[in-house]
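A.B. asks: Before anything else, here's the structure in question.
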Amino acid sequence: MTRVSAEKTTPLPLPFPLSALIGQQALRLALLLVAVDPSIGGLLVSGPRGTAKSTAARSLAELLPSGSFVTLPLGASEERLIGTLDIDEALRGGGVKFSPGLLARAHEGVLYVDEVNLLADALVDVVLDVAASGVNVVERDGVSHHHAARFVLIGTMNPEEGELRPQLLDRFGLMVEIENCFDPRVREQIVKARLDFDRDPVVFRERHAHAQQALRQRILAARSAMAGLAFEDDVHATVSRLCIAAAVDGMRADLVMLRAARALAALESAHRITRVHVESVAEAVLKHRRHASSDERSDGVQDNPVQQQNKRDKQSGAPGSESGAPQSAPRDDDGWGYLPPERTGTARVKGVVALPAKKP
């Protein structure tokens, strides 16, 4: 009697339709943006348990060309991720024999990393590199192989379980933070929709088939339209102003913001990219990159710590703040460790009598 493995006979569960997702407008928009242009660099979704992070990630895959949804397990090895090369076969003159990994399987689909903050940093680096370049390069003992790996990267995390290093955070193109819903009516709608889906997924999906098809067509049309959208000077100026105001590191935020704005313009079938498109995507681009404090000037240039303290002194009426007395400057250029001068109270002492010196 021949046994058939359960892996071959058990069908995969049907995904919840993205068009039926209630609320989470920021998340839905970010998912569509990275679907239109995967070179944005992927999406990081942060939020507490039970806020539909995984559901939303799975729902996007069927809108993409391949429809593949590949999960990267936390315990995966680097070989399982990038693939392996058969060196013995190459030495025998049989050519390079490559066994595809998870990155190859995710091509034109979604690569999903749940609890990405718990994934080994080395694997996160590899995933982010390939997500940005769209090419996976495998090298071993002087033998090299490369293949296309253009996928939508979606990472989810619960901030209560730890954070990503800043260097890795910056590598994600967009970030969306999901919060718990405390609106009773919205909660009821979410629960009812989920119960309807669980009761009969096929019927539920049939009700949203038209909306799903419309979303799929929007994504495909936007991908084709992006090449015809150029960045004009006012768009560049808006991007620079926003990134300077957020005191971001490097130029990655500028590039991601431009790509995300272009993807949004293409999704909306706009004829040109405008400042409104830039401002609409700015929060998702800067959420995990912003360093500016609340003491920002309106021109987008951040005051140094000395200027910030002087402003606070004037607002609070601190002694000496209006006297025009010169303030001592900090020794370091960035003002680190600087404390504002404080006036020391003095008192006049009367009747002080000098004591005679003691004889040796």
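A.B. asks: For a quick check of your reading of the model, give me the residue pairs whose first member lies in region 179-196 and is in the same structural domain as Q25 (by TED's automatic domain parsing) and among the acidic types (D, E), whose second is surrounded by 14 or more Cβ atoms within 10 Å (Cβ to Cβ) and at pLDDT below 95, with beta-carbon atoms closer than 8 Å and at least 6 apart or on different chains.
C.D. replies: That search, which allows pairs on different chains as well, returns E179/G47; E179/T51.
Matching residues to (1) of a type outside the set (F, W, Y); (2) out of contact with any Asp or Glu (no Cβ under 8 Å at 6 or more places or on another chain); (3) closer than 24 Å to V45 by Cβ; (4) not assigned by TED's automatic domain parsing to the domain that holds A253:
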position: L81; (1), (2), (3), (4): yes, yes, yes, yes
position: L123; (1), (2), (3), (4): yes, no, yes, yes
position: H146; (1), (2), (3), (4): yes, yes, no, yes
position: V152; (1), (2), (3), (4): yes, yes, yes, yes
position: N158; (1), (2), (3), (4): yes, no, yes, yes
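A.B. asks: Where residues in region 139-181 are part of a loop (DSSP other than H, G, I, E, B) and more than 25 Å from the chain's Cα centre (by Cα), which of them is surrounded by the most Cβ atoms within 10 Å (Cβ to Cβ)?
C.D. replies: Residue satisfying both the conditions and the ranking: D141.
A.B. asks: Return yes or no: is R205 among the basic types (K, R) and within 28 Å of L21 (Cα to Cα)? Write out each step before concluding.
C.D. replies: Details: among the basic types (K, R): yes; within 28 Å of L21 (Cα to Cα): yes.
So R205 passes the test.
A.B. asks: Identify all residues within region 23-46 that are under 13 Å from D114 (Cα atoms) and in contact with a helix residue (DSSP H, G or I) (Cβ under 6 Å, 6 or more places away or on another chain); write none if there are none.
C.D. replies: Applying the first criterion (under 13 Å from D114 (Cα atoms)) to region 23-46 yields 43-46.
Across region 23-46, the qualifying residues are L43, V45, S46.
A.B. asks: Which one of these is basic (K, R) and either modelled with pLDDT of 95 or more or within 24 Å of A214 (Cβ to Cβ) (or both): R312, R290, R275? Quick ask: steps written out before the conclusion?
C.D. replies: Numbers: R312 fails: either modelled with pLDDT of 95 or more or within 24 Å of A214 (Cβ to Cβ) (or both); R290 fails: either modelled with pLDDT of 95 or more or within 24 Å of A214 (Cβ to Cβ) (or both).
Only one candidate passes the filter, namely R275.
A.B. asks: With respect to L215, determine if the residue is part of a loop (DSSP other than H, G, I, E, B) and touching a residue at least 24 places away in the same chain (Cβ under 8 Å). So that I can check it myself, show each step before the final result.
C.D. replies: On the way: part of a loop (DSSP other than H, G, I, E, B): no; touching a residue at least 24 places away in the same chain (Cβ under 8 Å): yes.
Judged against the criteria, L215 is not a match.
The values are calculated or read from the model by the stated rules, or taken from the named source; none is laboratory data. All values reported here derive from a predicted model rather than from experimental measurement. Quick reminder, even Gly has a Cβ in these numbers, built from the backbone with ideal geometry, and neighbours come from all protein chains shown.
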